[in-house]
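J.: Sharing a structure with you now.
The values are calculated or read from the model by the stated rules, or taken from the named source; none is laboratory data. Just so you know, these numbers come straight off a predicted model, no measurement behind them. Methodologically, a virtual Cβ is constructed for each residue, glycine included, from the backbone with ideal geometry; neighbour enumeration extends over all protein chains shown.
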Amino acid sequence: MSAVVVIDYGMGNLHSVAKALEHAGARQVTVTSDPQQILDAERVVLPGVGAIRDCISELRKLGLDQVVRQVVTEKPLLGICVGMQMLLERSEENGGVDGLGLFPGEVKFFGDDLNEDGERLKVPHMGWNQVKQTGDHPLWHRIAQDARFYFVHSYYASPVRPTQTAGRCHYGVDFAAALVQDNIFATQFHPEKSHTNGLQLLQNFLVWDGRW
């Protein structure tokens with residue numbers, strides 16, 4: 001198992017992500033905002049919770065947006081929740097926020113009148129839901145089709161290219177639960193809160209060489 005860095009930009013559930021990675025078998029987990037430590041890591045995790053405007057603002061203020069851009073050219077990166085949403089071009093949240101643009105597409109609001117078969121659904125989407133894998137990928141190793149993961153979000157990713165969706169979920173609308181591109185894998189759900197399936201995904205990330 002490898003050494004991994006969790007990017008600390010003042011936002012996100014860093015402690016629980018770091019502990020989950022340790023439990024998954026990481027040789028070393030470092031939580032840091034130091035650009036060089038991030039660039040020297042074997043693997044990098046970009047977490048995020050809360051408002052995307054605040055997340056992207058802090059990331060840019062620390063110059064870590066450019067660090068992320070460099071990381072994704074060199075080594076495996078795992079984005080989690082808002083850490084995934086920031087990878088897209090734009091989000092509807094907070095009146096409209098530009099993302100890092102690594103994935104063509106936008107992040108959309110579920111809406112105030114989200115419903116299923118006439119029954120109104122609560123927003124945020126919170127709790128366990130099934131994820132349908134759209135193809136083989138090393139991070140799905142030993143994870144069953146339609147396995148359940150834990151979600152907490154009011155906005156969802158809508159990528160332009162269907163081939164970049166690694167997993168789908170349904171909550172009133174179909175949305176991307178996981179995105180993939182080259183050595184990037186990103187999830188809307190929280191692996192660190194998803195028990196056995198989440199732990200397996202983190203274990204898979206720790207041995208992934210960035211190819212698929």
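J.: So which residues in the range 111-127 are exposed (fewer than 14 other Cβ atoms within 10 Å of the Cβ) and either free of Cβ contacts under 8 Å to residues at least 24 places away in the same chain or part of a loop (DSSP other than H, G, I, E, B) (or both), if there are any at all? Give the derivation first.
T.: To start, the set of residues in the range 111-127 that are exposed (fewer than 14 other Cβ atoms within 10 Å of the Cβ) comprises 111-113, 115-120, 122, 124, 126-127.
Answer for the range 111-127, where residues must be exposed (fewer than 14 other Cβ atoms within 10 Å of the Cβ) and either free of Cβ contacts under 8 Å to residues at least 24 places away in the same chain or part of a loop (DSSP other than H, G, I, E, B) (or both): GLY111, ASP112, ASP113, ASP117, GLY118, GLU119, ARG120, LYS122, PRO124.
J.: Quick check: is even one residue across the range 61-74 of a type in the set (S, T, N, Q), within 23 Å of ARG211 (Cβ to Cβ) and either modelled with pLDDT under 95 or out of contact with any Ser or Thr (no Cβ under 8 Å at 6 or more places or on another chain) (or both)? Spell out how you get there, then give the answer.
T.: Within the range 61-74, the first condition is being of a type in the set (S, T, N, Q), and the residues that meet it are 66, 70, 73.
Next, only the ones that are within 23 Å of ARG211 (Cβ to Cβ) stay: 70, 73.
From what is left, the residues that are either modelled with pLDDT under 95 or out of contact with any Ser or Thr (no Cβ under 8 Å at 6 or more places or on another chain) (or both) are 70, 73.
Yes, some residue in the range 61-74 is of a type in the set (S, T, N, Q), within 23 Å of ARG211 (Cβ to Cβ) and either modelled with pLDDT under 95 or out of contact with any Ser or Thr (no Cβ under 8 Å at 6 or more places or on another chain) (or both).
J.: Separate question: Kindly indicate whether any position in the range 28-43 is of a type in the set (Asp, Glu) and farther than 28 Å from HIS195 by Cβ.
T.: Filtering the range 28-43 down to residues of a type in the set (Asp, Glu) leaves 34, 40, 42.
Filter once more, keeping what is farther than 28 Å from HIS195 by Cβ: 34, 40.
Looking for residues that are of a type in the set (Asp, Glu) and farther than 28 Å from HIS195 by Cβ, one finds at least one in the range 28-43, hence yes.
J.: Looking only at the range 152-191, which residues are part of a helix (DSSP H, G or I) and over 11 Å from the mean Cα position of the chain (by Cα)? So that I can check it myself, show each step before the final result.
T.: Filtering the range 152-191 down to residues part of a helix (DSSP H, G or I) leaves 162-164, 191.
If the condition is that a residue be part of a helix (DSSP H, G or I) and over 11 Å from the mean Cα position of the chain (by Cα), then PRO162, THR163, GLN164 are the ones that fit.
J.: Of all residues in the range 192-212, how many are assigned to a helix (DSSP H, G or I), surrounded by fewer than 24 Cβ atoms within 10 Å (Cβ to Cβ) and either of a type in the set (D, E, K, R) or free of Cβ contacts under 8 Å to residues at least 60 places away in the same chain (or both)?
T.: Adding up the residues that qualify gives 5.
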